[in-house]
1. Listed highest first by mean packing, meaning other Cβ atoms within 10 Å per residue, what order do 105-116, 23-34, 58-69 come in?
2. Evaluate the distance, in nm, between pseudo-label points positioned 7 Å from the Cα of Phe122 and of Tyr64 along their respective Cα→Cβ axes.
3. Starting from the Cα gyration tensor of the stretch 53-154, take the square roots of the eigenvalues, sort them a ≥ b ≥ c, and report rounded, prolate or oblate (rounded when a/c is under 1.5, otherwise prolate if a/b is larger than b/c, else oblate).
4. Taking 0.36 nm per residue of sequence separation and subtracting the Cα-Cα distance, how much length would be gained by fully extending the chain between Phe48 and His24, in nm to one decimal?
5. Give me the number: length gained by fully extending Val101 to Thr34, i.e. 0.36 nm times residue separation minus the C-alpha to C-alpha distance, one decimal in nm.
6. Assuming R0 = 30 Å, what is the FRET efficiency of Arg113 and Arg77, from their Cβ-Cβ distance, to the nearest 0.05?
7. Taking a temperature of 4 °C and a viscosity of 1.567 mPa s, what whole-number D in µm²/s does Stokes-Einstein yield for the stretch 14-108 with Rh from Kirkwood over alpha carbon pairs?
Amino acid sequence: MSSELIETTREKAQLQARNGSVVHHQVVIVGGGTAGITVAARLTKGWFNETDVAIIDPSDSHYYQPAWTLVGAGTFRKEATRRDEASVIPPKATWIQDAVVEFEPKQNRVKTRDGRTIEYDFLVVCAGIQINWDAIKGLKERMESAVITLLKVSAAPGITFEISKGEPPSSHSPSPGLNVGGRRRRSVIWPMTIFANRGYVKKVT
Ligand SMILES: Cc1cc2nc3c(=O)[nH]c(=O)nc-3n(C[C@H](O)[C@H](O)[C@H](O)COP(=O)(O)OP(=O)(O)OC[C@H]3O[C@@H](n4cnc5c(N)ncnc54)[C@H](O)[C@@H]3O)c2cc1C
């Protein structure tokens, strides 16, 4: 998408449905991450290309999260996993740059942080997951120093750094069903194999 078009999409998103107003869209998608953008793209192309689709998402940034594994492995720049949200909004979809704070399914409407009311015929909810770092005492404070994780892009490069010190890191797996359980094993095994082959790390288990 050209930078001019990205700027227009961003400006339009901020103008959409001013505070206190009520607007209606055929399909409202809550969350403009991978899922929301994919659904919006499918609904505005081909047979459905007349569908009136709105995406509600407050974020200026869209991240390609699977590449964070490669960031952890030291083979991808973290900056390259980010796109302007405006650049990934399908051209025929409307972006409302705001956060949903209330669902009112009986009235087919949602309310937003900035006081907008958005009505819909169909609702798609894909607001991702919220990671509660505070659930483990001390975790948040030690993030990016003693604790490294692939679930936060700023902390992912630490994986390669820790491994390069020569000590195999201790790696923990989330319960099955949580956001791609095998990914941290991937990014630990991969660079460790590279380092082991170069003789930096003696033991890969
Ligand atoms: C390190 C890593 C590696 C991965 N590897 C793979 C892989 O190899 N293969 C694979 O299939 N998947 C992989 N995944 C998983 C995949 O990236 C995620 O499943 C996918 O990004 C989830 O998309 P989503 O749209 O549900 O959520 P997200 O992409 O997280 O988007 C959620 C969106 O909702 C918005 N939002 C949140 N709250 C609100 C609100 N109240 N109102 C409006 N908007 C809101 C957010 O701003 C965000 O833009 C990986 C994930 C990670 C972290």
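Readers should treat all values here as calculations from the given coordinates under stated rules, not as data from a laboratory. Since the structure is predicted, the reported quantities are computational estimates derived from the model, not experimental observations. Ideal geometry is used to build each Cβ from the backbone, glycine not excepted, and the neighbour counts take in all protein chains shown.
1. The most tightly packed comes first, giving 23-34, 58-69, 105-116.
2. 2.8
3. Judged from the Cα gyration tensor, the stretch 53-154 comes out oblate (a/c at least 1.5, b/c at or above a/b).
4. Between Phe48 and His24, full extension yields an extra 6.8 nm.
5. 22.1 nm
6. 0.40
7. Details: Rh = 14.7 Å.
D = 88 µm²/s.
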